[in-house]
Amino acid sequence: MPTTVKAYAATSATEPLTPTTIERRDVGPRDVRIDIRYAGICHSDIHTARGEWGATNYPIVVGHEITGVVAEVGSEVTRFHVGDRVGVGCMVDSCGECQYCRRGDEQYCVKGNIQTYGGVGKDGVPTQGGYSQAIVVTEDFVLRIPDGLELDAAAPLLCAGITLYSPLKHWGAGPGTRVAVVGLGGLGHMGVQLAHALGAEVTVLSQSLKKQEEGLRLGADHYHATSDPDTFRRLAASFDLVINTVSASIDVDAYLSLLAVDGTMVNVGAPEHPQSVSAFSLLMRRISFAGSTIGGIRETQEMLDFCAEQGITALIETIGVEQVNEAYERVLASDVRYRFVIDTSTLA
Ligand code: NAP
Ligand code: ZN
């Protein structure tokens, strides 16, 4: 018998999220049932709830920055026990057989990874996310939360953390590299901490200087306002890696002008509308214009362990679930420092 749990759902692109109930499947032999304690609010939740990425299958329960405690394990589960502190990020399954799955890049599964919400599980049932009391996930997609990390502040690592860690590692951020993080929101504030811990020289490019003090405290070496046109003139051709975390469209060519020869701009922000790029912005300094999405399960565990070792967590504002609509408005106004996390006990 599937279990009914309380949740908060979007029912259309324009209406506020409201209370609902959803069904979670029975625990299969390789499944783990998790009592959800916290769910981070990622800007992707808002894009999805508001139908900004194409047709959303309503009603939908979003949330893919999940932490909690194992409540039940299937008969063949070997890696988890009841009571373990665990997390689930943006994926709950993948084909497991393609070259990318086999090498630990499940996010790039040729059949498409199965997203924590808005996907369709191998049982044919639409997936529903973390703004809920419990979730059932195959053990291969469950992460272990290291002892040094609190469950609330660790939740945003499951998406925001890995989304920055993976490209920083892939493009070699470290001693001697100059990294710019565009946008100091949920993703950006993780990027600053991770790039700094990896040894890179870190610059924040934010719309204003309002968050400068915190940005520097998080590990940035430099902080500039993009609203000041002089910023682009002064910083021309001075970065090896620019990571764009902005949720809205930006002037891509202006940011490409900040890259040194052979530099790379990586888009992790996923705005609603396409953006244009001039060929000249790329060819004059052999620039690469790239994208990246989350990270594989093995790399996500590596990131969690790295954060525990380095004392890195998200800066969070914990809210009750009834405040979620207000929190969405504040995220949209760039008024979040730096991640809202829902205490899911307030669903009771
Ligand atoms: P967020 O907390 O809202 O942060 C975005 C930041 O972008 C804001 O804090 C703001 O920073 C800046 N910004 C917002 N509007 C802007 C505008 N009009 N012009 C310039 N800067 C602007 O969002 P998030 O949760 O970090 O997510 C950011 C984006 O990444 C979203 O599009 C999300 O869907 C996407 N995402 C992608 C992946 C992936 O796998 N690739 C994973 C997670 C999220 P300042 O105030 O500092 O300017
Ligand atoms: Zn996310």
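The values are calculated or read from the model by the stated rules, or taken from the named source; none is laboratory data. Note that this is a predicted model, so its numbers are computed, not measured. Positions of Cβ are backbone-derived with ideal geometry, glycine not excepted, and every protein chain shown enters the neighbour counts. The area values use the complete protein model at the heavy-atom level, side chains included, leaving out ligands, DNA and RNA. Shrake-Rupley method; radii C 1.70, N 1.55, O 1.52, S 1.80 Å.
Residue check, residue 304 against (1) more than 25 Å from residue 91 (Cα to Cα); (2) under 18 Å from the mean Cα position of the chain (by Cα), all met but one. Which one? For residue 304, the failing item is (1).
Does residue 224 satisfy the criteria of being in contact (Cβ under 8 Å) with a residue 40 or more places away in the chain and within 13 Å of ligand 1 (Cβ to nearest atom)? No: the conditions fail for residue 224.
Residues in the stretch 109-123 that are more than 16 Å from ligand 2 (Cβ to nearest atom) and touching a residue at least 24 places away in the same chain (Cβ under 8 Å) were compared, and the one that is least open to solvent (accessible area, probe 1.4 Å) is 121. Of all residues in the stretch 310-322, those that are closer than 18 Å to residue 214 by Cα have Cβ atoms under 8 Å from Cβ atoms of residues that are aromatic (Phe, Trp, Tyr), 6 or more apart or on another chain, in 312/306; 314/338; 315/338; 316/338; 316/340; 317/340. For the stretch 175-190, state whether one or more residues are among the polar types (S, T, N, Q) and away from ligand 2 (no atom under 16 Å from the Cβ). Scanning the stretch 175-190, I find at least one residue that is among the polar types (S, T, N, Q) and away from ligand 2 (no atom under 16 Å from the Cβ), so the answer is yes.
To keep it simple, each residue is scored yes or no on (1) without any contact (Cβ under 8 Å) to a residue 40 or more places away in the chain; (2) of a type in the set (S, T, N, Q); (3) within 8 Å of ligand 1 (Cβ to nearest atom).
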| position | (1), (2), (3) |
| --- | --- |
| 183 | no, no, yes |
| 192 | yes, no, no |
| 197 | no, no, no |
| 202 | yes, no, no |
| 207 | no, yes, yes |
| 210 | yes, no, yes |
| 234 | yes, no, no |
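Only residues that are under 21 Å from the mean Cα position of the chain (by Cα) and more than 22 Å from residue 267 (Cα to Cα) were counted across the stretch 212-245, and they come to 1.
What about residue 326, is it part of a helix (DSSP H, G or I), acidic (Asp, Glu), open to solvent by 60 Å² or more (accessible area, probe 1.4 Å) and modelled with pLDDT of 95 or more? Before the answer, list the steps.
Numbers: part of a helix (DSSP H, G or I): yes; acidic (Asp, Glu): yes; open to solvent by 60 Å² or more (accessible area, probe 1.4 Å): yes; modelled with pLDDT of 95 or more: yes.
So residue 326 passes the test.
Look through the stretch 146-160, keep the residues that are surrounded by 24 or more Cβ atoms within 10 Å (Cβ to Cβ) and in a helix (DSSP H, G or I), and return whichever of them is nearest to ligand 2 (Cβ to nearest atom). Only one residue fits best here, namely 160. From the set of residues in the stretch 29-41 that are open to solvent by less than 20 Å² (accessible area, probe 1.4 Å) and more than 17 Å from the chain's Cα centre (by Cα), which is nearest to residue 270 (Cα to Cα)? The residue in question is 36. For the stretch 245-268, indicate whether the set of residues that are in contact with a helix residue (DSSP H, G or I) (Cβ under 9 Å, 6 or more places away or on another chain), open to solvent by 50 Å² or more (accessible area, probe 1.4 Å) and among the polar types (S, T, N, Q) is non-empty. No, every residue in the stretch 245-268 fails to be in contact with a helix residue (DSSP H, G or I) (Cβ under 9 Å, 6 or more places away or on another chain), open to solvent by 50 Å² or more (accessible area, probe 1.4 Å) and among the polar types (S, T, N, Q).
The set of residues in the stretch 21-68 that are within 16 Å of ligand 1 (Cβ to nearest atom), within 20 Å of residue 85 (Cα to Cα) and part of a strand (DSSP E or B) comprises 38, 39, 40, 66.
To keep it simple, each residue is scored yes or no on (1) within 16 Å of ligand 2 (Cβ to nearest atom); (2) in contact (Cβ under 8 Å) with a residue 24 or more places away in the chain; (3) within 21 Å of the chain's Cα centre (by Cα); (4) surrounded by fewer than 17 Cβ atoms within 10 Å (Cβ to Cβ).
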| position | (1), (2), (3), (4) |
| --- | --- |
| 43 | yes, yes, yes, no |
| 67 | yes, yes, yes, no |
| 79 | no, yes, no, yes |
| 82 | no, no, no, yes |
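Exactly one residue out of 89, 68, 54 is within 26 Å of residue 295 (Cβ to Cβ) and at pLDDT below 95: that is 54. Note on the stretch 133-145: residues that are over 18 Å from the mean Cα position of the chain (by Cα) and open to solvent by less than 20 Å² (accessible area, probe 1.4 Å) total 6. Candidates in the stretch 147-181 are the residues that are among the small types (Gly, Ala, Ser) and within 15 Å of ligand 1 (Cβ to nearest atom); of these, the one that is farthest from the chain's Cα centre (by Cα) is 180. For residue 295, are the conditions met, namely being surrounded by 22 or more Cβ atoms within 10 Å (Cβ to Cβ), more than 30 Å from residue 133 (Cβ to Cβ) and under 19 Å from the mean Cα position of the chain (by Cα)? Judged against the criteria, residue 295 is not a match. Residues in the stretch 4-20 that are more than 16 Å from ligand 1 (Cβ to nearest atom) and under 19 Å from residue 346 (Cα atoms): 4, 5, 6, 7, 8, 9, 16, 17, 18, 19, 20.
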